[in-house]
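Enquirer: The structure follows.
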Amino acid sequence: MNSSNNLGSTGNFIHSYINEDLKGELNKLHTRFPPEPNGYLHIGHAKSICLNFGLAKYYGGKCNLRFDDTNPSKEDEEFVNSIKNDIKWLGFDWEDRLFFASSYFDKMYEYAVELIKKGLAFVCDMSAQQIKQSRGSLTEPGTESPFRNRSIEENLDLFERMKNGEFADGEKTLRAKIDMSSPNINMRDPVIYRIAHMTHHASGDKWCIYPMYDFAHPIEDAIEGITHSICTMEFEDHRPLYDWVINSIDFEIKPRQIEFAKLNLSNTIMGKRFLRNLVETNQVDGWDDPRLITISGIRRRGYTPESIRNFCDMIGVSKANSVVDTAQLEYCIREDLKPKVPVVMAVINPIKVIITNYPDSQTEMLEIENSPENESLGKREVPFSREIYIEKEDFMENPIKKYFRLFPGNEVRLKGAYFITCTDVIKDDNGEIKEIHCTYDPATKSGLNFTARKVKGTIHWVDAKSALPAEFNLYESLVLPDEKSETGYRLNPDSKSTANGFVEPYLKNTEPMDRFQFMRNGYFVADSKYCKKDHLVFNRIVSLKSSFKPISAE
């Protein structure tokens, strides 16, 4: 797959803005990735990470990691650590530029005081509901607060008393004084500070007033010398307020905000509120559940950082909102793993086969290639004896038309072994198939260039005597396609199933996060949370078949 592995180096509209700016006084690009530490990152954040760090790399600039921790009600150190781990895993490095919005709280307070002194901010006693009602609509102007024309002295006194904890939550706010008749509702005297008597994960109980995101973010960018503040399209209407804050405080460096369309992925849940609910109500196995599209979830699912970067590079950057088919993400992991991982045999839903004419006490070692895609992965020896396991779906007592696998009287090839022919079917008292009896032809051993006859079907197997028991987690979409309920998404009750089968002894030294292609079953990874030497657990990363057809470059 041709990919630059660097979203910032592919042509997109953001480059035209940056190139234009670099022709002027600006001589160095400085971006930032500014997550809020109120949850785990998801695939949409991965796109933003690749874009911000990628642009900095492409232009020889820098990219900061900054936590926008201005809302103590939902923030936690756990989220801070998980975000840092995710960015490192994706392959990016903020070097010594790790920042927190909370580190600037003193400066933000000073800037708020400066706005009051300039007559550009006032303390308002209206409730949140009253402020909302007074904002007007898209067709009607808002109504000015009765407290809008308080004196500078009174506002300074009240704001300091807010800081000192003299008022209850919601009793007062600090609002910017802009224009209640502005066509942009975000400019109608927005709240820039609110009271919240809460302990902050970093600053503790030092503050009981906290800046609003729209006020804090431009200040953070300006303090850090950010040249281009790249964010998603929902902030486009907030750009005038971003610029107003920058110009009203009169920063020397004036960052330029540029918006791009966020990533929407089919049949997934990406909203933090929904993700948090799934985790807190134990509907999933934590933030790293392999069914989630969190970065930690897709990492545990078995996706590689290369596949995620390739995916972000492939979908590109635009201003138009669209939904990307999950099949495109799956295509990227298949293409990445195909030449990298060994192809081994695992039987997920086993049924026993007894080869009646094979010597009862004999075991032979068969040499099988590890990858048809990559000779450098070498070969391995696989034990073969009288009793083996095959997949239940590879046998049919009454075969349908064009069924070329095993059935009574039919001959198939065992991968890397022999031709076998079904001679008998043994059932239990309930009429269920207990075992299948077959004979083998010694002349058909793989590698002997047997040409006397051909078979249409080849099936995989594992040796029953030496096979290792294993648990297989099989995943489907977490949500039902195109279906939502009033409370959110409709979960797919069949999003996870577990099977118990066997793998060949080659996997006895499997470590968590080792990846394999299980022949004809898909790509799998040893689960990072539950896989152990004496209890092998594998997660299916993706099936072998792809519904995504990439556009070939001419």
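The values are calculated or read from the model by the stated rules, or taken from the named source; none is laboratory data. Quantities reported herein were computed from a predicted structural model and do not represent experimental measurements. Cβ atoms come from the backbone with ideal geometry, glycine included; neighbour counts cover every protein chain shown.
Enquirer: Can you tell me which of (1) β-branched (Val, Ile, Thr); (2) within 21 Å of ASN473 (Cβ to Cβ); (3) modelled with pLDDT of 95 or more is the one ILE355 doesn't meet?
Expert: It is condition (2) that ILE355 fails.
Enquirer: Moving on. What tally of residues in the stretch 359-380 results from selecting those that are charged (D, E, K, R) and within 17 Å of LEU448 (Cβ to Cβ)?
Expert: The number of residues fulfilling the criteria is 4.
Enquirer: Moving on. With the condition being within 26 Å of PHE235 (Cβ to Cβ) and in the same structural domain as HIS201 (by TED's automatic domain parsing), I'd like the helices (runs of 4 or more DSSP H) fully within the stretch 71-186 carrying at least 2 qualifying residues. Walk me through it before giving the result.
Expert: Numbers: elements: 77-90, 105-117, 128-134, 152-163.
Result: 77-90, 105-117, 128-134.
Enquirer: Also: Given (1) closer than 30 Å to GLY61 by Cα; (2) in contact with a His (Cβ under 8 Å, 6 or more places away or on another chain), identify the lone condition not met by LEU275.
Expert: Condition (1) is where LEU275 drops out.
Enquirer: Condition check: buried (at least 19 other Cβ atoms within 10 Å of the Cβ), within 17 Å of ASP68 (Cα to Cα), free of Cβ contacts under 8 Å to residues at least 40 places away in the same chain and among the hydrophobic types (A, V, I, L, M, F, W, C). Does ALA216 satisfy that?
Expert: On the way: buried (at least 19 other Cβ atoms within 10 Å of the Cβ): yes; within 17 Å of ASP68 (Cα to Cα): yes; free of Cβ contacts under 8 Å to residues at least 40 places away in the same chain: no; among the hydrophobic types (A, V, I, L, M, F, W, C): yes.
No, not satisfied.
Enquirer: So, in the stretch 318-363, of the ones that are out of contact with any Ser or Thr (no Cβ under 8 Å at 6 or more places or on another chain) and β-branched (Val, Ile, Thr), which residue ends up surrounded by the most Cβ atoms within 10 Å (Cβ to Cβ)?
Expert: VAL347
Enquirer: Look at THR232 and say whether it is of a type in the set (S, T, N, Q), surrounded by 15 or more Cβ atoms within 10 Å (Cβ to Cβ) and closer than 26 Å to ASP76 by Cα. Spell out the reasoning first.
Expert: On the way: of a type in the set (S, T, N, Q): yes; surrounded by 15 or more Cβ atoms within 10 Å (Cβ to Cβ): yes; closer than 26 Å to ASP76 by Cα: yes.
When the stated conditions are applied, THR232 passes them.
Enquirer: Kindly list, by first and then second residue, each pair from a residue in the stretch 370-395 that is free of Cβ contacts under 8 Å to residues at least 12 places away in the same chain and more than 20 Å from GLY447 (Cβ to Cβ) to a residue that is outside any helix (DSSP H, G or I) and among the acidic types (Asp, Glu), limited to pairs with Cβ atoms under 8 Å and residues at least 6 apart or on different chains.
Expert: Correct list of pairs: empty, since none qualify.
Enquirer: Kindly provide the set of residues from the stretch 54-102 that are under 18 Å from ALA196 (Cα atoms) and either without any contact (Cβ under 8 Å) to a residue 60 or more places away in the chain or crowded, with 18+ Cβ neighbours inside 10 Å (or both), ordered by number. Walk me through it before giving the result.
Expert: From the stretch 54-102, those under 18 Å from ALA196 (Cα atoms) are 68-76, 101-102; that's our starting set.
Result: ASP68, ASP69, THR70, ASN71, PRO72, LYS74, GLU75, ALA101, SER102.
Enquirer: Could you check how many residues of the stretch 435-456 are modelled with pLDDT of 95 or more and either part of a strand (DSSP E or B) or within 43 Å of the chain's Cα centre (by Cα) (or both)?
Expert: Going through the stretch 435-456 one residue at a time, the tally reaches 7.
Enquirer: Next up: Are any residues in the stretch 225-269 touching a Phe, Trp or Tyr at 6+ places or on another chain (Cβ under 8 Å) and among the acidic types (Asp, Glu), and if so, which ones?
Expert: Selection gives GLU259 alone.
Enquirer: Given the criterion among the hydrophobic types (A, V, I, L, M, F, W, C) and under 29 Å from the mean Cα position of the chain (by Cα), identify the matching residue among VAL382, VAL353, VAL324. Steps first, please.
Expert: Details: VAL382 fails: under 29 Å from the mean Cα position of the chain (by Cα); VAL353 fails: under 29 Å from the mean Cα position of the chain (by Cα).
Within the list VAL382, VAL353, VAL324, the selection yields VAL324.
Enquirer: Pick from the stretch 262-312 the residues that are among the aromatic types (Phe, Trp, Tyr) and touching a strand residue (DSSP E or B) at 6+ places or on another chain (Cβ under 6 Å): which of them is nearest to LEU337 (Cα to Cα)? I'd like the intermediate steps shown before the answer.
Expert: At the first step, the residues of the stretch 262-312 found to be among the aromatic types (Phe, Trp, Tyr) are 274, 287, 303, 311.
Subset that is touching a strand residue (DSSP E or B) at 6+ places or on another chain (Cβ under 6 Å): 274, 287.
Values: PHE274: 31, TRP287: 24 Å.
Result: TRP287.
Enquirer: Please find, within the stretch 399-433, the residue that is farthest from SER446 (Cα to Cα) out of those that are part of a loop (DSSP other than H, G, I, E, B) and in contact with a helix residue (DSSP H, G or I) (Cβ under 9 Å, 6 or more places away or on another chain). Spell out the reasoning first.
Expert: As a first pass, look at the stretch 399-433 and keep what is part of a loop (DSSP other than H, G, I, E, B): 399-405, 407, 409-410, 415-418, 428-432.
Okay, now just the ones that are also in contact with a helix residue (DSSP H, G or I) (Cβ under 9 Å, 6 or more places away or on another chain), so 405, 417-418.
Details: ARG405: 18, ALA417: 5, TYR418: 6 Å.
The residue in question is ARG405.
Enquirer: Now for a separate question. Taking the stretch 297-317 as the search range and keeping residues that are of a type in the set (Ser, Thr, Tyr) and within 19 Å of LEU474 (Cα to Cα), which one is surrounded by the fewest Cβ atoms within 10 Å (Cβ to Cβ)? First the steps, then the outcome.
Expert: Going residue by residue through the stretch 297-317, those that are of a type in the set (Ser, Thr, Tyr) are 303-304, 307.
Add one more test, that the residue is within 19 Å of LEU474 (Cα to Cα), and what stays is 303-304.
On the way: TYR303: 27, THR304: 21.
Top of the filtered list is THR304.
Enquirer: Restricting to the stretch 273-321, count the residues that are farther than 13 Å from TRP89 by Cα and either of a type in the set (A, V, I, L, M) or more than 12 Å from the chain's Cα centre (by Cα) (or both).
Expert: Going through the stretch 273-321 one residue at a time, the tally reaches 26.
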